[in-house]
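Data block below; observations after.
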Amino acid sequence: MTIQPAPAASALNLSDLPHLVLCRHGQTDWNAEGRLQGQEEIDINERGRAEARRNGRRLAERLGAAASSFRFLASPMRRTRETMRLVRAEMGLDPEAYETDPRLVELSFGDWQGSTLQEVEAREPTAIIEREAGKWTFRPPGERAESYDMLAARVAPVFAELDRPTVMIAHGGTIRSFLKLYTGLDAATAAHRPIPQDRFIEVENGVMHWR
């Protein structure tokens with residue numbers, strides 16, 4: 001899929017970005033079980049490691065010798081850091097030579113972290129109805145809980161500050177935020193958009209592709 005620069009009504013534009021690769025971490029057991037992971041430290045599983053290696057090989061093909069000039073930036077969570085190490089190893093790069101940014105951590109699901117939506121619905125059926133009616137702005141219960149809208153505000157400066165070609169490995173919420181911020185995707189669609197773990201976004205010269 002190819003996406004052209006965001007329409008004029010959008011606040012941000014793909015053409016404002018340097019060459020960017022945006023990748024989600026590999027699968028975890030909680031992903032497979034449909035558990036709300038948020039800011040819990042859950043490691044990637046064997047499928048997730050295979051996904052990370054696939055993305056690393058694909059990136060090596062895409063970037064070639066230019067890869068060494070890219071900045072590599074990850075969320076500091078364990079699942080993103082392991083994914084980054086595997087990606088870089090597949091690219092023939094030092095697995096440890098990357099940066100992290102705490103603003104890229106996944107959104108917090110507050111008191112719901114560790115539960116499936118079915119388990120939450122059994123406890124709080126009206127809350128699930130409220131979430132489905134406005135998922136982008138819905139904030140789960142819990143002192144540290146965030147909405148996708150809050151997450152987008154947190155990660156937007158990270159993208160705005162990019163000043164050189166970058167490979168970024170983060171979370172599904174980060175990528176949903178990026179799609180809303182830079183492609184004009186409406187809030188409801190962005191909130192429900194499935195984010196694959198065995199593909200990545202590449203933005204080059206103002207055009208976005210899924211690879």
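Being outside any helix (DSSP H, G or I), more than 22 Å from Pro194 (Cα to Cα) and either modelled with pLDDT under 95 or in contact with a His (Cβ under 8 Å, 6 or more places away or on another chain) (or both) is true for just one of Ala11, Ala6. Which residue is that?
On the way: Ala6 fails: more than 22 Å from Pro194 (Cα to Cα).
Selected residue: Ala11, the only one of Ala11, Ala6 that is outside any helix (DSSP H, G or I), more than 22 Å from Pro194 (Cα to Cα) and either modelled with pLDDT under 95 or in contact with a His (Cβ under 8 Å, 6 or more places away or on another chain) (or both).
Among the residues of the stretch 99-118, write down those that are farther than 16 Å from Asn31 by Cβ and part of a helix (DSSP H, G or I). Selection gives Pro102, Arg103, Leu104, Gly110, Asp111.
In summary, Leu151 fulfils each of the numbered conditions (1) in contact with an Asp or Glu (Cβ under 7 Å, 6 or more places away or on another chain); (2) assigned to a helix (DSSP H, G or I) with the single exception of condition (1).
So which of Ile201, Ile195 ends up being modelled with pLDDT of 95 or more, within 30 Å of Arg53 (Cβ to Cβ) and surrounded by fewer than 20 Cβ atoms within 10 Å (Cβ to Cβ)? Show your work before the answer.
Numbers: Ile201 fails: surrounded by fewer than 20 Cβ atoms within 10 Å (Cβ to Cβ).
Matching residue, one of Ile201, Ile195: Ile195.
Only one residue in Glu41, Glu106, Glu99, Glu33 is of a type in the set (D, E, K, R), on the phi < 0 side of the Ramachandran plot, crowded, with 18+ Cβ neighbours inside 10 Å and touching a residue at least 24 places away in the same chain (Cβ under 8 Å), so which one is that? When all the criteria are applied, what remains is Glu106.
On the basis of being of a type in the set (Asp, Glu) and under 14 Å from the mean Cα position of the chain (by Cα), does Asp186 make the cut?
Working: of a type in the set (Asp, Glu): yes; under 14 Å from the mean Cα position of the chain (by Cα): no.
Against the criterion (of a type in the set (Asp, Glu) and under 14 Å from the mean Cα position of the chain (by Cα)), Asp186 does not qualify.
Scoring Leu59 on the criteria (1) touching a residue at least 40 places away in the same chain (Cβ under 8 Å); (2) in a helix (DSSP H, G or I); (3) over 12 Å from Val87 (Cβ atoms) leaves a single failure, condition (3).
The values are calculated or read from the model by the stated rules, or taken from the named source; none is laboratory data. Remember, predicted model here, so these are calculated numbers, not experimental data. So basically every Cβ, Gly included, is an ideal-geometry build from the backbone, and we count neighbours across all protein chains shown.
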